[in-house]
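See below for the structure under consideration.
None of the figures in this text is laboratory data; all of them are computed from the coordinates on show. Quick caveat, the model's predicted, so the values are computed rather than measured. Using ideal geometry, Cβ is built from the backbone for each residue, glycine included, and neighbour counts are taken over all protein chains shown.
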Amino acid sequence: MNELNEDPAARASRYITTLKATLQRAKARTVDSSVRAVNILRVLDATQRYLQDSQHYLKEGRDTTALASVAYAEGLLDALFFLELA
């Protein structure tokens, strides 16, 4: 199936599975930075909550909202990885 025509529920399910595994491995890193560990943990917590929201929306049949939520969560986690903070 072409990605542009892909079912949002199928896409969200794949994102959720991948993100759950990645999030379990993510930990706040101690770095010489002006970024406080509590702020990194706050972003990790928000990521977890967006992931949970996505799972909830998917169960309710709100596939597009589920996809948006999991994509947002993935973006937050990616940002921490890119900044080498997780």
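A few comments on the model shown:
- Rounded to two decimals, the Cα-based Rg/Rh of the chain, with Kirkwood Rh, is 1.05.
- Farthest towards the positive end of the charge dipole of the chain, among the residues Q48, A12, A79, is the Cα of Q48, using unit charges on the Cβ of Lys, Arg, Asp and Glu.
- Entry note, the chain: the mean residue ellipticity at 222 nm calculated from DSSP H runs of n ≥ 4, each adding -39500 (n - 2.57), is -24500 deg cm²/dmol after division by the residues and rounding to the nearest 500.
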